[in-house]
Structure formats: structure tokens, C-alpha cells
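A quick write-up on the structure given underneath.
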Amino acid sequence: MDNVFEVLNERGFIKQTTNAEQIARLLGEEQITYYVGFDPTASSLHVGSLVPIMAMAHLQRAGHKPIAIIGGGTTMIGDPTDKTEMRPMLSLEQISTNGKGILAQLQRYLNLSDDGISNNEKSQIASKAGRFLNNADWLLSVNYIEFLRDIGKHFRVNEMIQAKGYQQRLDRELGLSFLEFNYQLLQAYDYLCLFQEYGCRLQLGGDDQWGNILAGVDLVRRVEGERVHAVTFPLLTTASGAKMGKTAGGAVWLDAERTSPYEFYQYWINVDDRDVSRFLAYFTFLPMGEIQRLGNLQDEAIREAKEILAYEATKLAHGKTEADKAQAASHAAFGGGNLDEAAMPTSAIASERLDSGIPIMELFHEVGLANSRSEARRLVQQGGAYINEKQYRAIDMVVGADLLEENALLLRAGKKRYHRIIIKKD
RNA sequence: GGGGGCAUGCUAGAGCGGUCAAAUAGGGCAGACUGUAAAUCUGUUGGCUAUGCCUACGGUGGUUCGAAUCCAUCUGCCCCCA
């Protein structure tokens, strides 16, 4: 079997490493424990987090043991890295709630025990499952004097301010609070704790975290005299330069409540041509040979590759059933044929309302295809409003029961946004 | 502790006291072209019971026939000196 390091490298996951050769050997010869930190500022991860998640999944498949930590403790401080302003601080409860949501999503990709969050894990020591931890568990009980004495002494301020994130803040003479300045120590301390507790020897993270991760590597060496490693992922942007995972409606979340499987699927279908093969390598488990074949498709044929990308990515995030539904709905909506009712956003209205007629603006606004009546008005005026695939441009149009087809109305705003209306049964 | 500056729409960023729902750019939306892609072109982009009305330019008061534009004060952010 290929060394998992090679697999990751081939798929583009690796940007910087402490020592590629040593890491490859380590991964090839031993079962190791590795960790990645996640940001608990929201209750859901979005597609931007998929790179680390997929990397973790590859490693776990190769027999290594993952630890996912959420920075409950560090988030209470705010990470200054590449931020021009401080992050908002969150309460402990908020972080813990968010953590639960995040864990549920990670479990789709990884075999993770959920004991970690409640901090009682005896059974999992020998098991294959990874852990999910909150660094608040060890950071909150830290004693300041002890921390300064045991950890602080290993850090040189001269070196710390070399770090890009800090330097930027200093150069611009934007404020950098002492609180934020400590961030690196805390993150390094995480690595040390995980090494001591679980024998963790590899940390992965976004390339913007390189400095912080290295601080941890150094700390372990100084305190324990052991060599541990770090790998960073390239920061993904789309071909058009935008941040990964942003669309009109905001971020593309992994949570089905926030981004429906259908929307999720559509996100991948709509990616830029130039991103397709890269994304296949990152976000699916397809063999590289297959990915190369798909990546070579040109022009219209590339849609096949996008479909596979969308299907595989949706399957991983939401399961096969949902992926099938999303695919069917997409085919129906864009490939002709009957629209799949199940996968389309749907709402029910009372039949009396239709009998008396509903102004078209009101209808589009009500189902959420327009954020206000004025927006609905513009939509209609500009020719973006469709009912049952027929365009209506008159703003004084009143929708009545006569437009029903099979007891339903299919509203469409623009080319891609659909909403189905059915008659409420009572 | 002392001195100075800034706060405008999704973002950035203009804005002589009237003609400002507020230039311009980006973003968004819609249309054309297409392959549910990119690029390009066009329109649009506070709300509404809609050729008019209401709400908006950090908060509150004031000057004025009239304020985003002037004054006072409060809050927030930033800079310089210590």
C-alpha cells in the first residue's frame, strides 16, 4: 500500500512540513496519533474546513489515530493570526454547544468517539476511534504562575514577534493586546499536552497556522526532548480568487439545516471549471487515476466531472440517500423531466388563499425567493420570475388556483433557485 | 496623563447647508450569450398600501425655512507624545 504521506502529497494536501522524509517514515512504520484544531466560533463547519477533515480521514484510513480539538480555551482569547481585528470572544456554553454540532459533522468523515467532550474516556484508549477534545479542558485550569515558569520560559519574545500575524499587527501599529499575544503559547501548550497525554506526534493545520504549530513543535522538543512534526495545508481559494465556500447566500455549511444537501450539491456543480480536478483530489476519495481522467475532460464534457465531484462530496457530507436525492433533483431541474418534489424546498399554503388569488410579488416574497416585496417586484420586472416554467413579467399579476399543476406550483427565481408550493391539506 | 483624527448603504470609499436614497468601485441580483462554467455586455441593487410616501449617513439634543453636511454632548475606533 502507498504511504499515506504520498497519498496526501499527491492530492495536494501538503504545503509545508517540518521534515517530509521523517514524517513519511513515521507514517509508514508506526501507528501514530495526530491532531487538528477546529474553530468553534460557529455551530457548524463549512466547506472551508473540508481540507483538514479529508486529510484526517485519509490518515485514519491508513490506520492512524486522529484527535480533533476545538479551541474552546483559545477561542476565548481570539486568534490574532492574519486578522486585522480581534475575534469576538465566545462564552463557554456557546463554545460547548458549537462543539457538539461540529463533532456530529466530523463523525461523518471520521471515526471519532464522542466521549471526549464530556471528558470521560477510558474505553477508547485502545480503540481505533479518534478523540474529540476541547482545549478548554486543560487550558482553563492553568495556573498563571506555573504557566509562566514552565511554559513561558521557553519562548523568546524576539522570535515570537517575527511571526507574520504578529508582525503585521505591530507594523501597522494596530493594537495587539497582550491577551492575543499569548495565543501562540496556548496553542503550543496544546501540542505539548496532547503529546504528553496521548503521544500525539503530528499536528496538521492551515498554512496560516504554521507559526503557531511550529511553536508547539519547539515546545515539545524543549520540554520533552522529543521530535514531533507538523504539516500544513495550502489555503484554498477558488480559481476566481474568492475564498472557498462562499456563495451568494453566505458560507456553504456542512450542516443540512443551514445548507440543504441540494444546495450543497449545487455548490459543487457550480464550481469554476479550473477548480474541478483540484477539488476532486481534495474532496473525494476517488483514485488519482480517475481524477486525472476527469480532469482532462474539456468544455461541456467537464460537467461529468462536476457531477461526480458534487455527488461524491454530497455523499460524504450527507450520506448516499441525500446525495441521490440531490442528484435526482438537479437532473430534474436542469435536465428536463419531472421535478423531484422531495428535494425541492417546499411550502404549503391554504387552498382558500389561492382561490382568492395571491399577488405574484407577495408569493415570491413569502416563500423566500425574494427578501422583500421590492426585491420581488424587481425580479418580476426583470423577467426572473417563473411559475411552472412560464415567465411572468406583470407586477400586478395575481396567482390563482387556475395555475395549479397537479395541485402544486413550481416557482423559480432566476435560473437556479426553485421553490415548490403545495396545497395545505387539512 | 497630554494632544489630534475618524465614524456614511453588503464592503471599500466620495459627499459646496438645499437639486442626496446619497458619486465611484467591488460584491449581489436579473437579463442576453452559454455548458447549471468562465469571460463579456445590459439593467438593477433601503422599504412600502409606489409616478408618491416612509426610514436612513454612530447615539442624543440644538442652530436653520431646510442638515450626511454647522454646533454641543455621549459612545466607539485610531494616531502622536508621555
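What follows is calculated from the coordinates using simple rules that are stated; it is not laboratory data. What you see is a predicted model, and the numbers here were worked out from it, not measured in a lab. Glycine gets a Cβ as well: all are built from the backbone with ideal geometry, and neighbour counts include every protein chain shown.
Among the GluC sites (Glu not before Pro) in the stretch A:182-229, those placed in a DSSP loop whose Cβ has at most 14 other Cβ atoms within 10 Å are A:GLU226. For the stretch A:105-110, putting each phi into the Karplus relation 6.51 cos²θ - 1.76 cosθ + 1.60 with θ = phi - 60° gives couplings of 6, 4, 5, 6, 9, 10 Hz, in residue order, rounded to whole numbers and with x for Gly and Pro.
Give A:LYS15/A:LYS100; A:LYS315/A:LYS416; A:LYS100/A:LYS315 a once-over and call out the pairs whose C-alpha atoms are over 23 Å from each other. Pairs exceeding 23 Å: A:LYS15/A:LYS100.
Taking amide hydrogens as placed 1.01 Å from N in the peptide plane, the amide H of A:LEU133 sits under 5 Å from those of A:ALA68, A:ILE69, A:ILE70, each at least 5 positions away in sequence or on another chain.
Under 5 Å from the amide H of A:VAL399 lie the amide H atoms of A:ILE358, A:ILE360, each residue being 5 or more positions distant or on a separate chain, with H modelled from the backbone and absent for Pro and chain starts. Ranked by the mean number of other Cβ atoms within 10 Å per residue, highest first, peptides A:14-21, A:61-68 order as A:61-68, A:14-21.
Residues whose amide H falls under 5 Å from that of A:GLY206, counting only those 5 or more places apart or on a different chain, are A:PHE233, with hydrogens built in the peptide plane.
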